[in-house]
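Asks: Attaching a single structure in structure tokens format; questions to follow.
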Amino acid sequence: MQSTTFTQGADAQGQFGQFGGRFVAETLMPLILDLEQAFNTAMAEPDFLAQLDRFNAEFIGRPSPLYFAERLTEQYGGAKIYFKREELNHTGAHKINNCIGQVLLAKRMGKTRIIAETGAGMHGVATATVAARFGLPCVVYMGATDIDRQRDNVARMRLMGAEIIPVTSGRGTLKDAMNEALRDWVTNVDDTFYMIGTVAGPHPYPTMVRDFQAIIGRETRQQMLALEGRLPDSLVACIGGGSNAMGQFYPFLDDPDVQIIGVEAAGHGLDSGEHAASLKGGQPGVLHGNRTYLLQDGDGQITDAHSISAGLDYPGIGPEHAWLHEQGRVEYVAVTDQEALAAFHNCCRMEGIIPALETAHALAEVAKRAPTLPADHLMVVCLSGRGDKDMPTVLRMMEESA
Ligand SMILES: *Cc1c(COP(=O)(O)O)cnc(C)c1O
């Protein structure tokens, strides 16, 4: 069936075409239905939306600016490049947009304990932050490998009172942490709210996280209309699970003249087998409660993802992206570690902004496209986060190449 709109969202089963759904243990089913209902009710209530607006403005610091990247534009000599500056948000990335929404929902539902999974630690930090703000105990599951590579974020979470539980199963990264968090949730369904950090997991998470992140795209729309008097010609965002991208893209999906590009991590290259490009290099399967594109071996076993940026190091992608890919509405590409690193350094030098390594993947795609486009082409890149957390990785790479 041809869809007439790309913003129609999930059907009653939580599916986007053949993707999404709710593949969960029976004990979780009532809870997930309960959450869906609580979310739908809250989002229709002016009081809840007013509360959300207030925290967005006064706690996160929204709206984030839409900034003309003048030197980068001059350097590439093509498209006019704008940054949507989510890296200026409290805690340094877009993750907090979703966490504020979910914690307000948890309070409304009378939940007294927050759990989360984290990879690079940005979602863990944002979760620990809102849990502290609302006085709720918080447990964060984090792969043992990630705990080693992201010490600063572990310290931040502990300062705000979160308990970090190291996960040693599998390779000790994000996928394993999410498995453990789901296990915790199954055993503590009554009092616990599970905050998922991206547009993955069982329905309603992909929809809920998208709707809390869609403020990125709504602001971009208004800001671009105010600055240029028209909509942008293209949008570019990096994709781990896909939440900053869904937030940036969603309000533009039904504007056919807006070209939309999602950037996955190609790691050492798509042919190397060491990458995190679930759409470009995976097949459909089921993981963490939903059906989507996943990195798998010949037997359907989930394989490990690789990316220089821990935040893109996930073997899946949000189911709505899988659907948008199949529909051909969004173009998905992949960028290597080396390309991302070059774009990272260039952004530091040209714009005086140290981007996250995740974000640098989007910037690398801009470097490929912008020079080929006319000067009146308006391009918006989602600056998903700042690079402070990536200093150890970047310094190590600089020493190795020195
Ligand atoms: C977590 C993270 C990402 C990847 O997550 P998405 O859900 O794909 O947005 C990208 N950029 C930054 C800065 C992050 O912290």
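Asks: Cα centroid distance between the range 258-298 and the range 165-235, in Å?
Replies: 17
Asks: Which of Met142, Met208, Met157 has the fewest other C-beta atoms within 10 Å, and how do the rest follow up to the most?
Replies: Numbers: Met142 31, Met208 24, Met157 27.
By the 10 Å Cβ count, ascending: Met208, Met157, Met142.
Asks: May I pose another question? May I ask you to evaluate 6.51 cos²θ - 1.76 cosθ + 1.60, the Karplus curve with θ = phi - 60°, for each residue of the range 89-102 and list the ³J(HN,Hα) values in order in whole Hz, giving x for glycine and proline?
Replies: 4, 3, 6, x, 7, 6, 3, 5, 4, 6, 5, 4, x, 5
Asks: Quickly work out the Arg54-to-Met350 label distance, labels modelled 7 Å from Cα along the C-beta direction, and quote it in nm with one decimal.
Replies: Taking the two extended label points, one gets 4.3 nm.
Asks: What percent antiparallel are the DSSP beta bridges of the chain, to the nearest 5?
Replies: Numbers: 15 of 48 bridges.
The antiparallel fraction comes to roughly 30 percent.
Asks: Please give the FRET efficiency for Asp152 paired with Asp47, using the beta carbon to beta carbon distance and R0 = 30 Å, rounded to the nearest 0.05.
Replies: For R0 = 30 Å, the calculated efficiency reads 0.20.
Asks: Now for a separate question. Work out how much length Glu399 to Leu231 would gain on full extension: take 0.36 nm times their residue separation and subtract the Cα-Cα distance, in nm to one decimal. Don't skip to the end; give the middle numbers.
Replies: On the way: separation 168, 0.36 × 168 = 60.48 nm, distance 4.28 nm.
Fully extending the segment from Glu399 to Leu231 adds 56.2 nm.
Asks: For the chain, what is the calculated [θ] at 222 nm in deg cm²/dmol (nearest 500), taking -39500 (n - 2.57) for each run of four or more DSSP H residues and dividing by its residue count?
Replies: Counting only the DSSP helices, I get -12500 deg cm²/dmol.
Asks: How big is the C-alpha Rg of the range 232-296 next to the rule-of-thumb value 2.2 N^0.38 Å, as a ratio?
Replies: 1.25
Asks: Once the convex hull of the C-alpha atoms of the chain is built, how many Å³ does it hold per residue, rounded to a whole number?
Replies: 137
Asks: Largest first and in whole Å, what are the equivalent-ellipsoid semi-axes of the range 179-337 based on the Cα gyration tensor, each being the root of 5 times an eigenvalue? Could the numbers behind the result be given before it?
Replies: On the way: eigenvalues 148, 90, 32 Å².
So the three semi-axes of the range 179-337 are 27, 21, 13 Å.
Asks: Tell me, what is a quarter of the convex hull surface for the C-alpha atoms of the range 325-402, in nm² with one decimal?
Replies: Working: hull surface 25.9 nm².
It is 6.5 nm².
Asks: Once amide H atoms are built 1.01 Å from N in the peptide plane, which residues 5 or more positions from Val199, or in another chain, come under 5 Å H to H?
Replies: Correct list: Gly242, Ser243.
Asks: Direction-averaged shadow area of the convex hull around the Cα atoms of the range 140-230, nm²?
Replies: Approximately 8.6 nm², given one-decimal rounding.
Asks: Still on this structure, I have one more. How far apart, in nanometres, would the label points at Glu70 and Arg108 be if each is projected 7 angstrom from Cα along the Cα-to-Cβ direction?
Replies: For the pair Glu70/Arg108, the computed spacing is 4.3 nm.
Asks: Under the rule of at least 5 residues apart or a separate chain, name every residue whose amide H is placed under 5 Å from the amide H of Tyr141.
Replies: Under 5 Å from the amide H of Tyr141: Ala116, Glu117, Thr118, Ile165.
Asks: Continuing with the same structure: Under the Kirkwood approximation for Rh and a Cα-based Rg, what ratio Rg/Rh is obtained for the range 1-156?
Replies: For the range 1-156, the value is 1.03.
Asks: Using 0.36 nm per residue, how much length does the chain from Glu26 to Asp376 gain when fully extended, once their Cα-Cα distance is taken away?
Replies: Taking Glu26 through Asp376 to full extension adds about 120.6 nm, to one decimal.
Asks: Here's another thing I want to ask about it. How much length would be gained if the chain were fully extended between Gln13 and Lys368, taking 0.36 nm per residue of separation minus their Cα-Cα distance, in nm to one decimal? Don't skip to the answer; put the middle values down first.
Replies: On the way: separation 355, 0.36 × 355 = 127.80 nm, distance 3.93 nm.
Result: 123.9 nm gained on full extension.
Asks: Taking a 28 Å limit on the Cα-Cα distance, which of the listed pairs Lys95/Lys280; Lys84/Lys107; Lys175/Lys368; Lys84/Lys368 fall beyond it? Working shown, then result.
Replies: On the way: Lys95/Lys280 25 Å; Lys84/Lys107 30 Å; Lys175/Lys368 31 Å; Lys84/Lys368 19 Å.
Table pairs above 28 Å Cα-Cα are Lys84/Lys107; Lys175/Lys368.
All of the numbers you see were taken from the coordinates with simple rules; none came from a lab. Note that the structure is predicted; figures quoted are calculated from it, not measured. Cβ atoms come from the backbone with ideal geometry, glycine included; neighbour counts cover every protein chain shown.
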